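Below is one structure, written out as C-alpha cells; the observations come after it.
A short reminder: the numbers here are calculations on the coordinates, not readings from a lab. Keep in mind that what you see is a predicted model, and the values were worked out from it rather than measured. Please note: Cβ atoms are built from the backbone with ideal geometry, for glycine as well, and neighbour counts cover all protein chains shown.
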Amino acid sequence: MQSAARRTAQLALRQAARAPSSAASTRAYSLLTKARQVAAPRTPATVRGIKSLDFGDGNPETVYERSGGWRGTFSGREGIRGHEALPLRSEKVWVRGWIVGVSCHIPVPWNVPWSGASHLSPAKTRRRGSSAAGATSATSVLRARTFEMAFVVSIVVLYLKNDTLALIGYGSQGHGQGLNARDNGINVIVGVRKDGESWRQAQEDGWVPGKNLFSIEEAIEKGTIIMNLLSDAAQSQTWPHIKPLITKGKTLYFSHGFSVVFQKDTGVIVPEDVDVILCAPKGSGRTVRTLFKEGRGINSSIAVWQDVTGKAMEKVRAIAVAVGSGYSYETTFEKEVYSDLYGERGVLMGGIQGMFLAQYQTLRENGHSPSEAFNETVEEATQSLFPLIGNYGMDYMYSACSTTARRGALDWAPKFYEANKPVFEKLYASVRDGTETRRSLDFNGRPTYREDFAKECSEIDQQEMWRAGKVVRGLRPDNKN
C-alpha cells in the first residue's frame, strides 16, 4: 500500500471519527472508551461500571469496567458485605477512576442517575421519569437486596485497609502489580530472597528493607493476602517450603492458573482452609505498570478456585482494581490457563513470529530487498494496521484500506483459516493434556535456563528480518532528532 494512500485513509479515518454517526458509517465498540458501537448481537446493560454483555450465545458475560465519571447520591451507613461495613454519608459524590464490583447492602435513593436499574430487578423497578403508579421505590427494593455496585479506588483502599498484600517474587508481574497497588495507597510488602537481583531491584524501586521489603518467609508471615508471583517453575520448586506458611485465615493469590490447575505436574496443592483467587492481567508486568501510569489500566481476568470465607470474589475484584485493572471479567482457573498458554503459543507470540518469518523469507526468495520485505511484513502491520484493529475492529481496518487490499485480504482469509485451524486444534490439545506444562517446567527448571533462553533470543535477534527491523525502526520520523 502506497504511503500517500495510507495517509489519505488515515485522514479519512480521523474525519470519520469526528463526524456524526449514521447508519452507513463504520462504527466501533470499546468497553473502555464507549466509542460508536459495531452492529453486532451484543447489548450492554450498564450498572455504574458493571456491564452484562449478551453475544447472543445464551451465555451473558459480566465485566467490571473503569468509570469515566458518575455522579449520584449514597445514603445510609450499610457498607460492603465482608471485611468491614463502610460508613457512607448522604452526600453528592463524583465517582471517577478505577472501580470494582463488590456485593453490597446499600439503600440507594430513586434519584440516582444510573442506566440499567431494571437490570437489577425488572419486575419491581422503574426508570426515572416513568409512571410512578404501582412502582416500588428503588430504596425499598434494594435495601433488602444484595446487588453488584461499583466503587472507586478510595473505597477499595478502605475495603483492604486491614489487609497486607505480600508480594512473593519481584519479576515482571510483581514489579508492575506491586508498584500500582502501592501507588493506590494499599498496604503492600515484598518478599524475595535477600541480597539477590530482585532484592536489589526492589530497593531501586523504593522498597525499604525492614519496612516493606522482607525475606519470603517474613513477608508471608506478615501478609494476609499472599500474592504468589514467582515464575511458574519457581512456584513449583518453592512450594514445599511455602505451603506450611500459608496458614488458616490468609488468602492465596495467583496471576496465572498454571500451578494450581496442573498440580499433578507442579506439586502445588493448596491448603483447604484458605481462599484461593486469581487476577491475571492481559499483558506483561511492564505493560501493567505503563498503562497504570498513563491513567488507562489493563484488562484482567479474575477467578476463584476456593472460597472458604464466602468473600473470595469480593476480594479478587478489589485487588484487581488495586493492581491497576482497567476492567476485569470473570473466568475460571482452568479457562485462564488454557487460553493463556494457547494464546501465547498462537497468534500472540509463537504463531505471529512464524507467520512473519514465512512471509519475509518468501519475499526475499523472490528478489525483494530486506527493507521492502520488512516493511511489507512487520512495519506496516505493527505501525499502521494492528492499531486500527485494536482500536476499532477488523472491519474498520478493512474500511481504511484500498479496495484492492480489501478484496485480496477477504479472499485469502479463508485459505489461511483452513491452513491454520488444524494447527490451532493440535496446539489446544497439547495445552489441555499438560504437554505444554511439562515442557515448560522441564525447560524453565533447568539450572541453565537463563543462558539457554538468552541463546534462543540471540538467534532470533540475528535473523536477517530483525536486523532489517532495527534499521527500519531507526528511520522512523519519531526516532529522529
What is the gain in length, in nm to one decimal, between residue 452 and residue 418 on full extension, counting 0.36 nm per residue of separation less the C-alpha to C-alpha distance? 8.8 nm
Using amide H atoms built in the peptide plane, which far-off residues or other-chain residues are under 5 Å from residue 301 H to H? 280, 282, 329
Under the 7 Å Cα-to-Cβ spin-label approximation, residue 383 and residue 335 lie apart by a distance in nanometres of 3.9
Let me make sure I get this right: for the range 346-479, a, b and c are the square roots of the gyration tensor eigenvalues over alpha carbons, sorted descending. Under 1.5 in a/c it's rounded, otherwise prolate if a/b > b/c, else oblate. Which is it? oblate
By its C-alpha gyration tensor, with a ≥ b ≥ c as the square roots of the eigenvalues, how is the range 157-331 shaped: rounded for a/c under 1.5, else prolate for a/b larger than b/c, else oblate? rounded
Percent relative contact order for the range 157-331, counting Cα pairs under 8 Å at least six residues apart, stands at 22
When only DSSP loop residues count, what GluC sites (Glu not before Pro) in the range 257-366 have their Cβ near at most 14 other Cβ atoms within 10 Å? 272, 294
Would you please report the Å³ per residue occupied by the convex hull of the alpha carbon atoms in the range 282-365? 102
Counting other Cβ atoms within 10 Å of each Cβ, which trypsin sites (Lys or Arg not before Pro) in the range 173-209 have at most 13 and sit in a DSSP loop? 193, 194
Compute the distance in nm between two label points, each set 7 Å from the Cα along the Cα-to-Cβ direction, one at residue 443 and one at residue 352. 1.8
Euclidean distance between Cα centres, the range 193-261 to the range 357-401, Å: 42
Per-residue HN-Hα couplings for the range 275-290, Karplus 6.51 cos²θ - 1.76 cosθ + 1.60 at θ = phi - 60°, whole Hz, x for Gly and Pro? 5, 10, 10, 9, 10, 10, x, 8, x, 6, x, 5, 5, 4, 6, 4
Stretchable slack from residue 183 to residue 409, in nm (0.36 nm times residue separation minus alpha-carbon distance): 76.8 nm
Could you tell me which trypsin sites (Lys or Arg not before Pro) in the range 334-430 are loop residues by DSSP with no more than 13 other beta carbons within 10 angstrom of their beta carbon? none
Where Lys and Arg each count +1 and Asp and Glu each count -1, what net charge lies around residue 222 among other residues with Cβ under 12 Å from its Cβ? -2
Would you kindly derive the ³J(HN,Hα) couplings of the range 167-183 from the backbone phi angles with the Karplus curve 6.51 cos²θ - 1.76 cosθ + 1.60 (θ = phi - 60°), listing them in order in whole Hz, with x for Gly and Pro? 7, 9, x, 10, x, 4, 6, x, 4, x, 5, x, 5, 5, 5, 4, 5
